[in-house]
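Everything on this sheet refers to the single structure shown next.
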Amino acid sequence: MSVTEERAGQIAQDWARGVHPESRAWLHPFELGWVAGRDTPEHPIEDGLVLDAHVRAVIDGETGELTVWPALSPDEVADVYRAVRRAADRFSPQLLALLRLAGWRPGRDVGPAVDAWWARCAPAGTALPPPIRSVLAEFAGLRISALGLAFEPVSAAGREPVTVLALDGRFAVVIARAGGSELIVDDVGGVHRRRGGEVEALAGRFDEALPRILGLPG
């Protein structure tokens, strides 16, 4: 890491004293930096404001940037920070902003709801291939209204029929709809777009296809 523990301690102490001049910061190291907390003397509430002295901070080990996080345990804060960093490495800022507006978050998993929808609405005896399930478990039910994109199942009740098809000899499922087109994932994770009778291969993985689907740089 580029930031030393001594420098991280100084950053944390400056942050801690922003609440009370006698606050003392502590650090919990992890591989991406440090989780910081502050021990703050009791102080009266002024003007009806409650100052949350017990929130956490993360000091990035490469940049020294300090970001504030909820008052979870240090290990829980580190886990959340890891997930957010993975998302930033995975998606562009523009794509992340669109996904967050739609309700996506790092670690989103609606797999049980997907399984219930599949059991209820898929053709009897049809197994849900893992590459298709992994996409649905993360994105099912999301809507990006500005682009008219809605991921199956689109209703809270999850009673829409599952659309399955054979695509170049592979089992495939419609996982989202956008205007007059359908987005399809096959049983090895390939992503396709169907408009009318025309099918276009988009990418071998969903993460590669998503910027193209949304008209964003890859």
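What follows is calculated from the coordinates using simple rules that are stated; it is not laboratory data. The structure presented is a predicted model; accordingly, all values stated were derived computationally and were not measured. Please note: Cβ atoms are built from the backbone with ideal geometry, for glycine as well, and neighbour counts cover all protein chains shown.
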Note, region 192-206: 3J(HN,Hα) by Karplus (6.51, -1.76, 1.60, θ = phi - 60°), whole Hz, Gly/Pro = x, goes 9, 10, 10, 10, x, x, 9, 10, 10, 6, 9, 5, x, 9, 5
Rounded tilt (10° steps) of 5-17 against the dominant C-alpha axis of the chain: 80
Mind listing the long-range amide H neighbours of Ile175? Cut-off is under 5 Å, sequence gap 5 or more, other chains count too, H placed in the peptide plane at 1.01 Å from N. Leu183, Ile184, Val185
Treating the angle as unsigned and between 0 and 90°, give the value, to the nearest 10°, between the Cα long axis of helix 93-102 and the longest Cα principal axis of the chain. 80
Give the angle, between 0 and 90 degrees and rounded to the nearest 10, that separates the Cα long axis of helix 111-121 from the longest principal axis of the Cα atoms of the chain. 20
In whole Å and largest first, what semi-axes does the C-alpha gyration tensor of the chain yield when each eigenvalue is scaled by 5 and square-rooted? 45, 18, 15
Please work out the C-alpha center-to-center distance from region 1-31 to region 109-137 and express it in whole Å. 46
From zero up to wherever the largest Cα-Cα distance of region 102-214 sits, split into 10 Å bins and tell me the percent of pairs in each. 14, 51, 32, 2
Length gained if Glu76 through Arg143 is fully extended, taking 0.36 nm per residue and subtracting the Cα-Cα distance, is 21.2 nm
In a GNM of the chain with a 10 Å cut-off on Cα contacts, which of Gly141, Gly107, Gly197 has the highest mean-square fluctuation? Gly197
Count the net charge of all other residues whose Cβ sits under 12 Å from the Cβ of Pro29, scoring Lys and Arg as +1 and Asp and Glu as -1. -3
What is the set of long-range amide H partners of Phe30 at a cut-off below 5 Å, with H atoms built 1.01 Å from backbone N? Val35
Enter the Cα centre distance for the pair region 64-85 and region 166-218, rounded to the nearest angstrom. 34
